[in-house]
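One structure is given here, and the rest of the page talks about it.
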Amino acid sequence: MVVAVPAGRSIKRILVGRAMRSDRLGETHLPKRLALPVFASDALSSVAYAPDEILLTLGMAGGAMAMTHSWQIGLAVVAVMLVVVASYRQNVHAYPSGGGDYEVASVNLGPKAGLTVASALLVDYVLTVAVSISSGVQNAGTALAFVRGHEATVAVILVLLLTAMNLRGVRESGRAFAIPVYAFMAAIFALAVVGLARQLTGGLPQAESAGLTLAPEPGYEQLGGIAMVFLLLRAFSSGCAALTGVEAISNGVPAFQKPKSRNAATTLLMMGLISITMLLSMIMLARWTGIVYAEDPATQLQRNGVPVGEAYEQHTVMGQVASAVFEGFNPAIVLVSIVTGLILVLAANSAFNGFPVLASILARDGYLPRQLHTRGDRLAFSNGIMILAGVAAVLIVLYDAEVTKLIQLYIVGVFVSFTVSQIGMLRHWNRHLAVERDAEERGRMQRSRAINFVGALMSGTVLVVVLITKFLHGAGYAVAAMAVLYVLMLGISKHYARVRDELKVDDDDVESQLLPSRVHAIVLVSKVHKPTLRALAYARATRPSRLEAVTVSVDPEETEALQADWDRLDIPVPLKALDSPYREVTRPIVQYVKSIRRGSPRDVVVVYIPEYVLGRWYEQVLHNQSALRLKGRLLFTPGVMVASVPWQLHSADGQEERLYGGEAAGSVRRGE
């Protein structure tokens, strides 16, 4: 016999791959060379948009503001990054289980602090996908003309592709993403080396926008001392987008090969040093090449005192720097554009690894649906991956893949988690120092505490700056989303606690459940055929206290014919016909079952529903789905159990493992 393979399963195997046994989980663990592109792509990719955001913000004041202060803002961002990286190296050693900031906050500051961090991180992961992919599409548009005007569509397609890759498992996605990430690093380092060499020799060309002047935005023509400080702080908060992704490694420690903590800490240090080098290189190259960058280039950018107008196309900072440094060598310019677009798309992969793991831990603790704690066929947390992709795609469509708008919602969540987790680490070290007596170990703990203290102070300062400077520009929406998620997770936790308490077994429950009670069995019948006879046989085999067959009289003539067949075959089970003047099927059965329960509250009623199983999807439209409706109604009736008795049609041969819609033989319309 040839067994038909369901088309849906074949497509799934092509996209996701063969299912993996649970005992092969260790094979999915990552060495450092693969962990770096998997977990650090977000932080590394920020070099492609963090300089843009710094220059855009400084450019509001017009003039030479961006040229004179961009490198200072860059150094401030680097200082924060160094402290945050050093702080998180303490985290991965102290809490290697993968809970990251959530675990640190929950253990040291309490469950509500942990939920605050978790809600912030979940929102930030979604925004990471939306911002990174949107930015990648915009950068790709520099070299690929067909992308322009269709950014949102292309971005959603890329989200779907990333989803498919991650559903195949962490290790496979790491292999696929390693080459583009390392190619991006090589391209940026080449850009930095060539740019520095040409600058030292006096041969570095100017960028395409270098000859333009920058007019201030309305309201920014004359900035006083306080307003100037506010603008610099806002530029600093925008540049701190470069720090997003640092926390991904602390959340992904379980995915590393052993020794997990040491490998994670080493990867974190490598990521920090590479990110800092690339970020400073890009900011300095932008300054040397004289890039002028504006929020509204059509009106702000001027040539000989005249606005350039709508016809002017402003390329990204990365694109302009590459065009200047590699002037005359187009293949290098195109390569930088392509690998930048790829790294920005792949930066979302950090979120695809962090979000599902965190969601799984929250589900384990009862704050999110239990389904998120289950691994899929490829040992990845498939449900979390799908949810992340869906929400990010919605955001991309809503904001039309515009990075400038999306970036305003960004980084609030990550600095909430930074700050709370560092405060948690301070309590962690204080608790251990209170009991530790070894002088050498105490010295190590005190050094770690000092690092975490500086980290808490700096990340807290950045959080305040971000909230003050970006709240009205979009960060408020992110804060609102965190609040909603926080309340939702509390509600889920209360639901699980309520169900757990309600289902808890004590001695009285055991005794009451073991008391004898009668079983009243009902077999639903529409006509005498094989499914009906099988259901009757199964019901009789259970030896209930009372057994009867029930049909619904929609057509009196058909009911009489059914009774005649019943008597002719001498079936040893009484047949009862329920009147249905309005030709309903479900309601008369439910009312009859409830009447039995009212008459004998301690009886258990078992309703046997004969069903036949269809093998082809298009056959579903030829049959009603009254079995589903009937089951749904009976499930809410106390003391009632529903038993489906399947009869597989020939079209269902070989497809047992799939769940097909059955039809209740006892409730089909007469004549079908």
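Laboratory data are not the source of any read-out in this text; all were calculated from the coordinates shown. Model, not experiment: these values are computed from the prediction. Positions of Cβ are generated from backbone atoms using ideal geometry, with glycine treated the same way; all protein chains shown enter the neighbour counts.
Report the label-to-label distance for Ala561 and Arg598 in nanometres (one decimal), using points 7 Å from each Cα along the Cα→Cβ vector.
Going from the Ala561 label point to the Arg598 one covers 3.4 nm.
Run the simple label-point estimate for Val394 and Leu628 please: 7 Å along Cα→C-beta, distance reported in nm.
Here the modelled spin labels are 2.3 nm apart.
So what's the Cα pair-distance distribution over the range 7-496, bin width 10 Å, in %?
That works out to 4, 20, 31, 26, 13, 5, 1, 0, in percent per bin.
For Gly413, what charge total do you get from the other residues with a beta carbon under 11 Å from its beta carbon, if Lys and Arg give +1 and Asp and Glu give -1?
It works out to a net charge of -3.
Nearest 0.05, what FRET efficiency do Arg540 and Lys504 give at R0 = 30 Å with Cβ-Cβ as r?
About 0.25, to the nearest 0.05.
When the chain is fully extended, how far beyond the present Cα-Cα distance does Tyr477 get from Leu457, taking 0.36 nm per residue of separation?
4.7 nm
Would you mind checking the radius of gyration and Dmax of the range 240-336 based on alpha-carbon positions, in Å?
When restricted to the Cα atoms of the range 240-336, Rg and Dmax are 19.4, 62 Å.
What spacing in nm lies between the two simple spin-label points modelled at Lys576 and Arg447, each 7 Å away from Cα in the Cβ direction?
8.2 nm
Using 1/(1 + (r/R0)^6) with R0 = 60 angstrom and r between the beta carbons of Glu313 and Val435, what's the FRET efficiency to the nearest 0.05?
The calculated FRET efficiency here is 0.40.
Along the range 90-96, what does the Karplus equation 6.51 cos²θ - 1.76 cosθ + 1.60 (θ = phi - 60°) give for ³J(HN,Hα), rounded to whole Hz, x for Gly and Pro?
5, 4, 5, 6, 7, 9, x
Quote the charge dipole size of the range 405-494 about the Cα centre in Debye, to the nearest 20; the model charges only the Cβ of Lys and Arg (+1) and of Asp and Glu (-1).
Once rounded to the nearest 20, the dipole reads 100 debye.
State the extension gain, in nm to one decimal, for the chain segment bounded by Lys405 and Gln371, taking 0.36 nm per residue of separation less the distance between their alpha-carbons.
Separation in residues times 0.36 nm, less the Cα-Cα distance, equals 8.9 nm.
Tally Lys and Arg at +1 and Asp and Glu at -1 over the other residues with C-beta under 10 Å from the C-beta of Ala324: what net charge comes out?
Overall, the nearby charge balance is -1.
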